[in-house]
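K.L.:
Before I ask anything, let me first share the structure, which is written out below as structure tokens.
The values are calculated or read from the model by the stated rules, or taken from the named source; none is laboratory data. Computed from a predicted model, the values in this text were never measured in an experiment. Ideal geometry is used to build each Cβ from the backbone, glycine not excepted, and the neighbour counts take in all protein chains shown. All accessible areas refer to the heavy atoms of the entire protein, side chains included, with ligands and DNA or RNA removed. Shrake-Rupley method; radii C 1.70, N 1.55, O 1.52, S 1.80 Å.
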Number of protein chains: 4
Amino acid sequence: MQVEQVKNVTKQQDLQLSNRARLLVKCPDKPGIVSVLSTFLYKHNANIIESSQYSSDPENGKFFIRIEYHCEHLQDKAQEMEKEFEQIARDYEMTYNFYYRNQRQRTAIYVSKELHCLLELLWEWQNGDLDTDIAVIISNHEEARSIAESYGIPFHYLPANKDIRKEVEAQQIQLMKEYKVDLLILARYMQILTPDFVNHFENRIINIHHSFLPAFIGANPYDRAHKRGVKLIGATSHYVTNDLDEGPIIEQDVERVDHRDDVPTLKKIGRQIERRVLTKAVKWHLENRIIVEGNKTIIFH
Amino acid sequence: MQVEQVKNVTKQQDLQLSNRARLLVKCPDKPGIVSVLSTFLYKHNANIIESSQYSSDPENGKFFIRIEYHCEHLQDKAQEMEKEFEQIARDYEMTYNFYYRNQRQRTAIYVSKELHCLLELLWEWQNGDLDTDIAVIISNHEEARSIAESYGIPFHYLPANKDIRKEVEAQQIQLMKEYKVDLLILARYMQILTPDFVNHFENRIINIHHSFLPAFIGANPYDRAHKRGVKLIGATSHYVTNDLDEGPIIEQDVERVDHRDDVPTLKKIGRQIERRVLTKAVKWHLENRIIVEGNKTIIFH
Amino acid sequence: MQVEQVKNVTKQQDLQLSNRARLLVKCPDKPGIVSVLSTFLYKHNANIIESSQYSSDPENGKFFIRIEYHCEHLQDKAQEMEKEFEQIARDYEMTYNFYYRNQRQRTAIYVSKELHCLLELLWEWQNGDLDTDIAVIISNHEEARSIAESYGIPFHYLPANKDIRKEVEAQQIQLMKEYKVDLLILARYMQILTPDFVNHFENRIINIHHSFLPAFIGANPYDRAHKRGVKLIGATSHYVTNDLDEGPIIEQDVERVDHRDDVPTLKKIGRQIERRVLTKAVKWHLENRIIVEGNKTIIFH
Amino acid sequence: MQVEQVKNVTKQQDLQLSNRARLLVKCPDKPGIVSVLSTFLYKHNANIIESSQYSSDPENGKFFIRIEYHCEHLQDKAQEMEKEFEQIARDYEMTYNFYYRNQRQRTAIYVSKELHCLLELLWEWQNGDLDTDIAVIISNHEEARSIAESYGIPFHYLPANKDIRKEVEAQQIQLMKEYKVDLLILARYMQILTPDFVNHFENRIINIHHSFLPAFIGANPYDRAHKRGVKLIGATSHYVTNDLDEGPIIEQDVERVDHRDDVPTLKKIGRQIERRVLTKAVKWHLENRIIVEGNKTIIFH
């Protein structure tokens, strides 16, 4: 099965997208920020399409905003706008980023033997619902090779274990460079990453943990959930940091279980949760809806 | 049991609230609206605390925004600000409203024999979670009298049926005037209202319908749900219009049921859904989070 | 991509399955039924593994039971047991069926252009979670051909429209015979079936309707849901009868939506609901968990 | 407000209830158990109304069953039936209990300052949905006194802290005896119980913990949930054992939260979960639907 991504985007839509951008800003809260940002955009004939904001605390807090805007001839004007924005950013001590819709993020999917999360991501991507180029699939097993090849996505088999971790990670970092990868998705990739690797991709690695964190941190969460007799099981997608399963949580969900469900059944139910929880996180990241603040996420739905 | 509403608001908080307001605006979408609104507020030293917006369609659509702001000495400045705003509103063809936090909305609760929705509203109100003055409770039965009196809320028993509808509604309209009621809540009030009455209180009557609309419009929805063998039952809160159960939907929710659940059990389960779905709608209305547009609601969470 | 179904069943497990069966019984409720059934099984050295029952009404109602049992050398004894059971069935006016685990049901999947439900079924089947032989895939479009072929499942393209309905259905009935199909799954098959066709397969056609029935019966439910401004959208799996979308409901589920979700977004969200709601219904049917009673289903989870 | 429990039970229904009982059995799994139990009941003209069973493992496991039955003149026959059952129990090594519907369990509710769980229990009880006599309300604060008195339920104020724990618990044990209490409900009772007290009431103390256990065991779960940035918060009802928050879980549920929800908001949302999760657990206990097995619960819905 040779599968092509759906080409449901007409030329006109392409043009529209090429005139769209997102601006994300984080700064100390004070009066006038919305005014200065919206006036800046207005002056450049940019029309705000969507805007969401959050103040951590009206007094003395931080201010966060995500603005999606449309602007004719954006590609010609972007550089000048960004240049002009620098002064505003200085005045308000802003951390910020411009994201242009026509510059698709590039993704690498890491997977081990269980393919359900990978399949869900490919499915959404094929439907045109994941706005990314899937540049490469990396695995420490061969299970995903045929599916990767059927989609025409480069597949790299890199065996991994704790003895060769450093060497393997060096190869992986090299591959991420070659494939110009922006985002790493651990789609049930069952290997621990070293701090060095993680630091390389700060807030750019999304993992799916197969429990409702912070319950059942670490290995074998379904076995432990079964032993504890919980009545709901869950999954958690989060950015990877150097504290195991302690990174900023992006999304969580649960399903009801009962005393009749043995561990294999919990795993089956869990797979359904995992695939939707990971996919949502990836989608929000690609849509620039997530701001990481400390160990938490602000998500603009 | 004489119950007083919790006084969990200190003087300082009172002062803060008296400096808070919300501005809701609806207008044709065009560039610069956010800029003009935020600049207007900034000029008056008003700080935006929360802002949510929605464009029905980037081209040729409508624009909706809800801004909550804080402004020192707001009460002294409000009149002048509103005056100045008139020109902006004209320029942009805005429909708009200023709501001041220190001007609490006044509520009337209409109820028949079943008290669960009334009790839930009183509970939330008593906890300080419904920002309203409950001015009066109206019923066509006596069941709610003792609970109303225990809360010190005026209770009016007005028998109602189709033969005396006009006269009763005249009395009710009179009472609404006397008690200066802003919002009417039909908390399982089992009487049909005439178009005349409904027109009197456009988008100011909230009803709870005991089904997942548009399924089971009209009478006895639980019996019909049972007969149809549905696997979920629901409830819907909506503004009342002159089309039975066809008004703008505010909130809906469902619960799972199965073949073992007979009609009385469906009703019990349904009561849990009804009380939370009605309470949410009332809360959002009181927080000015709802804009009615045609037969639909825009809700800024 | 040539995909094989996972062979996760060892010989020993095969043997165990070949000694397993399910007995489903429906009869007038009266004392002693459980006693006579359990004693019958015990006498034949059959061990009850799972048993669920339901009385529609303690007095004058109907009694329903599903028993899963294990019995050494079941294949040698089944015929004799069934013969002996006839007398019990007569005494208690039972309608009943024995289902043997080693006699897998055969399935036909009908699909049009949208493949998400088909893909979900294939996925579950490939994981060993749908206990069926997928005998054939039928479509009035070519979209599903390559995926069918990649799984090695026969694919038949049968164009369909109201002018040629009779002829096409005759062909389909013929195909169902050839492929010895027990269950027909309409996985977003967008054609109306004639009463004649439906009668051919009573309680053996499962459809997925893309709304929360009985809301939005008929065509374009997502458009109508959008127009009505509902806050939850749903999907319903049901047996097909000759009343459009009125057959016995098997499973329903919903997801939350809001004013920002346009029709294409509702469809995307809806697809997630549809695929899980259809798959659950099919799974329960294959596990003989469903008894149809009038226009309702009794489901033994 | 003097509230009486709804008398929605007619004489005839009373008679029916007095002829109803439940039999719960736990024993090693082996063939013939259902046969021997159902035949025993049939011989005594008892009609099985509801029956649920569970085998922990078809081979070498344990068998659990809950049977609700109706039997004319049950009160005259109960003693003889129980006597005769002793032999069956010995033969099959059964642990068992007969529960008679006309012997209502007696309940004590323990509460501190927060009354929402207490109010929910009283509400359900008043509607006739909690099949118990609420014998007494115990508190280490005075907040619940007026509500208790309005329902005509004895209220005991027993101040508690770690220095006087032993003495207070002695008083409490004495009160439980005087009021003949079967079940203790900790409805947000914020005191630690000693092992001695807990042992006194094995599997007869139900607690509500304000987190999704095993996440956030111990104090201040909402603060910790906020700090961790979880996207769902939950509550857990469980039997109390001597390991803090480690007892057999009865029910759990969650609600979605986001970055805007501060700790007081989490608490408000949490209260809604707590009251329904505790009430379900109490209801199931009173309906004898729960069997504790090791550190887990088997719940027959």
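K.L.:
With only alpha-carbon atoms counted, please give the Rg and Dmax of region A:11-100, in Å.
P.N.:
Rg, Dmax (Cα atoms, Å): 13.5, 47.
K.L.:
Same structure again: Helix A:74-91 sits at what angle to the longest principal axis of chain A, using alpha carbons and giving 0 to 90 degrees rounded to 10?
P.N.:
90
K.L.:
With a Förster radius of 25 Å, plug the Cβ-Cβ distance of D:R260 and B:Q87 into 1/(1 + (r/R0)^6) and report the FRET value to the nearest 0.05.
P.N.:
0.15
K.L.:
Taking the Kirkwood radius as the inverse of the mean 1/r across Cα pairs, report the Rg/Rh of chain D.
P.N.:
Looking at chain D, the ratio lands at 1.00.
K.L.:
Now a separate question. For region A:157-196, what is Rg from Cα atoms divided by 2.2 N^0.38 Å, rounded to two decimals?
P.N.:
Here the Cα radius of gyration is 1.15 times the empirical estimate.
K.L.:
If R0 is 22 Å, what FRET efficiency do you get for A:Y99 and A:L244 from their C-beta distance, rounded to 0.05?
P.N.:
With a Förster radius of 22 Å, E is 0.15.
K.L.:
Keeping all protein chains in place and using 1.4 angstrom, which order do A:D258, D:D262, D:D245 fall into by accessible surface area, from largest down?
P.N.:
Largest accessible area first, the list is D:D262, A:D258, D:D245.
K.L.:
While we're looking at this one, here's another question. Mind checking A:210-216 for the average number of partner chain beta-carbons within 10 Å of each residue's beta-carbon?
P.N.:
For peptide A:210-216, the averaged partner shielding equals 5.
K.L.:
Where does chain C land at 222 nm, in deg cm²/dmol rounded to the nearest 500, when only DSSP H runs of n ≥ 4 count, each adding -39500 (n - 2.57), divided by all residues? Spell out each step's value before the answer.
P.N.:
Numbers: 9 runs with 106 residues, N = 301.
-11000 deg cm²/dmol, from helical runs alone.
K.L.:
By a straight-distance test (C-alpha under 19 Å), which aspartates and glutamates pair with B:K177 as possible cross-link partners, with residues fewer than eight away in the same chain excluded?
P.N.:
Cα-Cα hits under 19 Å: B:D133, B:E167, B:E169, B:D196, B:E202.
K.L.:
Turning to a different aspect of this structure: How far is A:E167 from itself in the other copies, in nm, if each label sits 7 Å out from Cα along the Cα-Cβ line, shortest first?
P.N.:
So the label point of A:E167 gives 6.8, 7.3, 9.8 nm to the other copies.
K.L.:
Helix A:165-178: angle to the longest alpha-carbon principal axis of chain A, degrees 0 to 90, nearest 10?
P.N.:
Around 40 degrees separate the two axes.
K.L.:
Right, another one. Rank by packing, highest mean first: peptides B:93-105, B:123-135, with packing defined as the count of other Cβ atoms within 10 Å averaged across residues.
P.N.:
Ranking the peptides B:93-105, B:123-135 by packing returns B:123-135, B:93-105.
K.L.:
Something else about it: For peptide B:24-32, what's the mean number of Cβ atoms from other chains within 10 Å of each residue's Cβ?
P.N.:
Neighbouring Cβ atoms belonging to other protein chains average 3 per residue here.
K.L.:
Okay, moving on. Classify region B:64-219 from the C-alpha gyration tensor, please: rounded if a/c falls under 1.5, else prolate or oblate depending on whether a/b exceeds b/c.
P.N.:
Prolate, since a/c reaches 1.5 and a/b exceeds b/c.
K.L.:
For chain A, take the longest principal axis of its alpha carbons; what is the angle in degrees between that and the long axis of helix A:33-43, to the nearest 10 within 0 to 90?
P.N.:
It is inclined by approximately 70 degrees.
K.L.:
Also, quick follow-up: I'd like the accessible area for D:I299: 1.4 Å probe, protein heavy atoms, all chains in place, Å² to the nearest 10.
P.N.:
My reading of the accessible area for D:I299 is about 10 Å².
K.L.:
Please name which of A:I48, A:L286, A:Y69 has its Cα lying farthest along the dipole of chain A towards the positive end, using unit charges on Cβ (Lys, Arg +1; Asp, Glu -1) and the Cα centre as origin.
P.N.:
A:L286
K.L.:
Over the alpha-carbon set of the protein assembly as shown, work out the extent along each principal axis and list the three values in angstrom, largest first.
P.N.:
89, 73, 68
K.L.:
Let a ≥ b ≥ c be the square roots of the eigenvalues of the Cα gyration tensor of region B:247-301; is it rounded (a/c under 1.5), or, if not, prolate (a/b larger than b/c) or oblate?
P.N.:
Here region B:247-301 falls in the prolate category.
K.L.:
Rounded, prolate or oblate: which fits region B:179-295, taking a ≥ b ≥ c as square roots of the Cα gyration tensor eigenvalues, rounded meaning a/c under 1.5, else prolate when a/b beats b/c?
P.N.:
Here region B:179-295 falls in the prolate category.
K.L.:
When Cβ neighbours within 10 Å are restricted to other protein chains, what is their mean count per residue of peptide B:231-238?
P.N.:
If you average over the peptide's residues, the count of other-chain Cβ atoms is 4.
K.L.:
Determine, from the Cβ-Cβ distance of B:K177 and A:Q191 and an R0 of 60 Å, the FRET efficiency 1/(1 + (r/R0)^6), rounded to the nearest 0.05.
P.N.:
The value I calculate is 0.25.
K.L.:
Please report the spacing between the Cα centers of region A:41-104 and region D:119-189 in Å, no decimals.
P.N.:
The two parts, judged by their Cα centres, are 58 Å apart.
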